[in-house]
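Visitor: Got a structure for you, written out below as structure tokens; questions coming shortly.
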Amino acid sequence: MIHDHTLDRTTDATGPVARRTMAELVKVDAGGGQPVPRLEEVLDVARGRAGIAIEVKSLPVKYKGIEERLVEVLRDAAMVADTVVLSFDHRVVRRVRELEDGVVGGVLVAGRPLLLPELLEYSRAEVYSPQWSFLDPETVDEVHACGAVVGVWVVDDDDTLQRCLGLGVDAVYSNRPGAILELMRGNTPGD
């Protein structure tokens, strides 16, 4: 589980993730002596405690067979029903949903698609996930009319959170989940 296509920004190693084996990746320091976690490890921690959202990065680097492998791991971990798979590559979302209809699919977007209902139908997505600044009340209504939900990214401060909640979003994705949860409860982070 790593955010970038390269190791440079988030670990003590350098170079493309795709050029490393799993055995090499788990030896990389991802901060404080912690290794880059394997998906199976993350699922073990989440099982029975929380759902999980997995973003599949497949552009510009393609990872052959990633959809099949992901579904296999989710099934083995008994986490199919507790997982949302999101991607900017909407073909990945469609393929995951073809392989396992029990996984919730989500399309990530940075902009406003012209044919939003068609995008959701094509990708078999149940979650529309735009960057928060590309959202307006009409779009939220359109997504809800399609039977999907809106999950916006990246919400890291109170002003953005309040704007999104005012629009009627169903979920927010944050780099600061603890602080955002406190804000949603009406507390100041750290109180």
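Visitor: Heavy atoms only, probe 1.4 angstrom, no DNA, RNA or ligands counted: give me Ser87, Ser174 ranked by accessible area, highest first.
Guide: Per-residue accessible area, sorted high to low, gives Ser174, Ser87.
Visitor: Just check the chain against the gyration tensor rule for me: Cα atoms, a ≥ b ≥ c as the square roots of the eigenvalues, rounded for a/c under 1.5, and otherwise prolate or oblate depending on whether a/b exceeds b/c. Don't jump to the answer; show the numbers that get you there.
Guide: Numbers: a/c = 1.71, a/b = 1.24, b/c = 1.38.
Judged from the Cα gyration tensor, the chain comes out oblate (a/c at least 1.5, b/c at or above a/b).
Visitor: Continuing with the same structure: I want to make sure I understand the PRE zone here: with the label point 7 angstrom from the Cα of Leu114 toward its beta carbon, which residues in region 83-97 have backbone N atoms less than 15 Å away?
Guide: Backbone N within reach: none found.
Visitor: Another question about this same structure. Given the options Arg47, Arg20, Arg95, state which has the largest fluctuation in a GNM of the chain using a 10 Å cut-off (strictly under) for Cα springs.
Guide: Highest fluctuation of the listed residues: Arg20.
Visitor: Using alpha carbons only, how many angstrom separate the centre of region 76-148 from the centre of region 1-53?
Guide: 24 Å
Visitor: Quick check: convex hull over the Cα atoms of region 142-191, volume per residue in Å³, rounded to an integer?
Guide: In region 142-191, the Cα hull volume divided by residue count equals 70 Å³.
Visitor: Can you find, among Leu59, Pro130, Pro177, the residue farthest towards the positive end of the dipole of the chain? Put +1 on the C-beta of Lys and Arg, -1 on that of Asp and Glu.
Guide: Farthest towards the positive pole: Leu59.
Visitor: Going from most exposed to least, what order do Lys62, Lys57 have by accessible area with a 1.4 Å probe?
Guide: Lys62, Lys57
Visitor: Could you work out the mean projected area of the convex hull around the alpha carbons of region 53-123, in square nanometres to one decimal?
Guide: 4.7 nm²
Visitor: Rank Leu39, Leu135, Leu181 by mean-square fluctuation in a GNM of the chain with C-alpha springs under 10 angstrom and give only the top-ranked residue.
Guide: Leu181
Visitor: Rounded to the nearest 500 deg cm²/dmol, what is the calculated helix-only ellipticity per residue at 222 nm for the chain, with -39500 (n - 2.57) per DSSP H run of length n ≥ 4?
Guide: Numbers: 8 runs with 68 residues, N = 191.
Helix-only estimate at 222 nm: -10000 deg cm²/dmol.
Visitor: Considering only Val26, Val84, Val172, give the residue with the highest GNM mean-square fluctuation for the chain, with springs between Cα atoms whenever their separation is below 10 Å.
Guide: Val26
Visitor: Sticking with the crude label model, points 7 Å out along Cα→Cβ, report the distance from Gln34 to Glu98 in nm, one decimal please.
Guide: Computed distance between label sites Gln34 and Glu98 equals 3.6 nm.
The values are calculated or read from the model by the stated rules, or taken from the named source; none is laboratory data. Predicted, not measured: the structure shown is a model, and the values here were computed from it. Heads up, the Cβs are rebuilt from the backbone with ideal geometry, glycines too, and the neighbour counts pull from every protein chain shown. Quick note on the areas: whole protein, heavy atoms, side chains included, nothing else; ligands and nucleic acids left out. Shrake-Rupley method; radii C 1.70, N 1.55, O 1.52, S 1.80 Å.
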